[in-house]
Amino acid sequence: MGMTEQVLLAMIEYDRGDARRINHFLKVYGFARAIGTGEKLDAATQETIEIAALTHDIGIHNSEKKYGSAAGNYQQIEGPPEAETLLRGLGVAEKTISRVCWLIAHHHTYGNICDMDHQILVEADFLVNAYEDALSAGAIRAFEHKVFQTQTGKALLQSVYGGAAKNRVQ
């Protein structure tokens with residue numbers, strides 16, 4: 001079994017009984033995998049983005065306990081230590097753990113996205129959150145124009161949300 005599959009199973013166990021959260025990270029993982037493949041990432045970056053997608057919301061439970069909120073800023077604080085513990089326990093390479101933790105700490109930070117793995121995680125998470133949060137067509141278009149950069153992410157947004165993503169800036 002590959003490392004990504006081990007992380008996937010460990011995250012399902014971590015979120016045991018929380019079907020909503022498990023389904024969320026599985027959907028983000030699916031989109032991140034598709035975007036990474038479409039953008040032709042190298043194998044190491046692809047594995048990193050897939051692990052980051054699986055663990056990106058690992059801080060939610062601690063955020064709710066500590067702050068009474070699952071807000072993104074709290075997830076970015078509480079997530080990295082939890083991910084580090086889980087990933088280290090699975091034997092994930094230190095370089096990967098470091099990058100995944102950085103991505104978790106910035107997955108709700110949309111300004112100054114400079115790296116492809118960060119871009120992909122933000123796009124994949126948005127593709128899922130737009131549906132789960134029932135965002136309006138206008139909100140989807142605005143986020144796309146401000147944040148989406150990958151051709152694969154833009155194509156997926158158009159395929160999933162159709163008319164909501166029309167008139168895109170190319």
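Its DSSP H runs of at least 4 residues, each contributing -39,500 (n - 2.57), put the calculated 222 nm mean residue ellipticity of the chain at -23500 deg cm²/dmol, to the nearest 500.
Pairwise Cα distances in the range 89-170 exceed 14 Å for 63 percent of all pairs.
Note on the range 81-136 and the range 1-52: Cα centroid distance 10 Å, given to the nearest whole angstrom. The 3J(HN,Hα) values that the Karplus relation (6.51, -1.76, 1.60; θ = phi - 60°) gives for the range 136-146 are, in residue order, 6, 4, x, 5, 5, 4, 4, 5, 4, 5, 7 Hz. Gly and Pro appear as x.
The share of alpha-carbon pairs in the chain lying farther apart than 21 Å comes to 44%.
For the chain, the fraction of 1.4 Å probe accessible surface lying on carbon and sulfur atoms is 53 percent.
Computed over protein heavy atoms with a 1.4 angstrom probe, the accessible surface ordering of K66, K154, largest first, is K66, K154.
Pairs of Lys residues in the chain are counted when their Cα atoms are under 16 angstrom apart and they lie 8 or more places apart or on different chains; the count is 4. Each listed q (0.23 Å⁻¹) maps to a log10 I(q)/I(0) for the range 25-121 from the Debye sum over equal C-alpha point scatterers, namely -1.19. At the residue level, S136 shows approximately 70 square angstrom of accessible surface with a 1.4 angstrom probe and all protein chains present.
So, R0 is 22 Å and r is the distance between the beta-carbons of D115 and Q151; what FRET efficiency does that work out to, to 0.05? The calculated FRET efficiency here is 0.85. Solvent-accessible surface of protein heavy atoms, probed at 1.4 angstrom with all chains present, puts F31, F25 in the order F31, F25, largest first. The label point for K65 and the one for D42, both projected 7 Å from the Cα toward the Cβ, are 3.8 nm apart. For the range 30-170, the solvent-accessible area with a 1.4 angstrom probe is 47 square angstrom per residue.
Springs join every pair of Cα atoms under 10 Å in this Gaussian network model of the chain, and among V147, V100, V128 the largest mean-square fluctuation is at V147.
The values are calculated or read from the model by the stated rules, or taken from the named source; none is laboratory data. Small disclaimer: the values here were computed from a predicted structure and weren't measured. Every residue, glycine among them, receives a Cβ derived from its backbone with ideal geometry; neighbour counts consider all protein chains shown. Surface accessibility is based on the protein's heavy atoms, side chains included, excluding ligands, DNA and RNA. Shrake-Rupley method; radii C 1.70, N 1.55, O 1.52, S 1.80 Å.
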